[in-house]
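Structure record follows, encoded as structure tokens.
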């Protein structure tokens, strides 16, 4: 049996740098896909042609040795073996192809983990629910390597569409099946995701300690005074977290109340406010991304923001009815543009 499985990339509409703080997020799965095709083989080796990177990764699964840093293909196998979903001795020949740019803020690494876990489990005739897939992918990418991120990306990619994700308790609520006028502008500036996440997470936690709280949810924005925090970076990080938590709640209220007929001007304004906070408080934009955003706004976009961890990567533009003009404007200042569609989550696409 030859099996083919695909998974989408993702953007964040609202809630950037919120999930690892236990705060809600509104992401969207997009039609830049990663795909695995393959079959069982003889022996005890897993061999994977990483088509876009131009090399073959081969390994013999083991539960004993410590894995190299960010060895997500191996950690995914190990997680499924621990759970008893696949056998301890397996051999596979597979190929992975991806449309998702690497280090661009579209969650290429999480998409890789999700699609590989989906492929492995289906190959051994075990169908994971989207939430089971979310939890296993989070274990394989974050917990296994003690990384600082959360499970927002895995949840968005496993479930698809535009969702409201919560983490205390963990749940995923579908908000929209589509989102009009969505463009992704790639600056082609590579970024360092893990370092950025770790710094901001530490900054927020330091800020919470300074104001005597354990969660951003417990900070009353009407009583919050940034001047009470004597650490400049902690003050900026906590201020951004409070701002973006409240922006996300406002967007959720609009989406859940009006669904497809949501107020586009309101949502565009909230997207702009979100970016302003990421730029001015977290300082994770770049001069090139600012040029792209300014060009998009001048061409008629209702709202623009950086997406992903920041300091490079991609921006998004919400520009219903102005896609052609905004695309051209972003390209004129050096961005690479994809007109995006919202899609379903990880799924089997072919079995032969």
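Laboratory data are not the source of any read-out in this text; all were calculated from the coordinates shown. As the structure is a computational prediction, the values presented were derived from the model and not from experiment. Please note: Cβ atoms are built from the backbone with ideal geometry, for glycine as well, and neighbour counts cover all protein chains shown.
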If you rank 184, 306 by fewest surrounding Cβ atoms within 10 Å, what's the result? 184, 306
Per residue, the convex hull enclosing the Cα atoms of the chain spans a volume in Å³ of 136
Under the rule rounded for a/c under 1.5, else prolate if a/b exceeds b/c, else oblate, using alpha carbon gyration tensor axes a ≥ b ≥ c, the stretch 177-271 is classed as oblate
Provide 109, 277, 6, 76 in ascending order of the number of other Cβ atoms located within 10 Å of each residue's Cβ, fewest first. 109, 277, 6, 76
Report the calculated FRET efficiency for residue 42 and residue 124 (r = Cβ-Cβ distance, R0 = 25 Å), to the nearest 0.05. 0.95
Roughly what angle does helix 287-298 make with the longest principal axis of the chain, taking Cα atoms, 0 to 90 degrees, to the nearest 10? 70
Amide N proximity, the stretch 135-168 versus residue 31 label position 7 Å along Cα-to-Cβ, cut-off under 20 Å: 156-163
Just want to confirm a number: the relative contact order over the chain, from Cα pairs under 8 angstrom separated by 6+ residues, in percent. 25
So how tilted is helix 193-211 from the main axis of the chain? Cα-based, degrees 0 to 90, rounded to 10. 50
Contact order relative to length of the stretch 84-144, as percent, for alpha carbon pairs under 8 angstrom and 6 or more apart: 33
Between the stretch 63-122 and the stretch 295-336, the alpha-carbon center distance in angstrom: 32
Working from Cα positions, state the angle (0 to 90°, nearest 10) between the long axis of helix 264-280 and the longest principal axis of the chain. 90
Could you give the nm distance between label points at residue 60 and residue 298, where each point is 7 Å from its Cα heading toward the beta carbon? 6.1
The chain: antiparallel bridges as % of DSSP beta bridges, rounded to 5, reads 90
Residues of the stretch 98-136 with the amide nitrogen closer than 13 Å to a label point 7 Å from the Cα of residue 1, along Cα-to-Cβ, please. 119-128
Averaged over all directions, how much area does the convex hull of the C-alpha atoms of the stretch 182-340 cover when projected, in nm²? 9.7
Pairs of alpha-carbon atoms within less than 8 angstrom and 6+ residues apart define the contacts here; what relative contact order does the stretch 182-340 have, in percent? 35
Correct semi-axes for the stretch 1-113, from √(5λ) of the alpha-carbon gyration tensor and rounded to whole Å with the largest first, are 28, 18, 13
Between residue 259 and residue 189, Cβ-based FRET efficiency (R0 30 Å, step 0.05) works out to 0.25
Provide the FRET efficiency to the nearest 0.05 for the residue 198-residue 350 pair, computing r from the beta carbons and using R0 = 56 Å. 0.90
Full extension between residue 217 and residue 331 adds, at 0.36 nm per residue less the Cα distance, a length in nm of 37.1 nm
When 102, 46 are ordered from fewest to most other Cβ atoms inside 10 Å of their Cβ, what list results? 102, 46
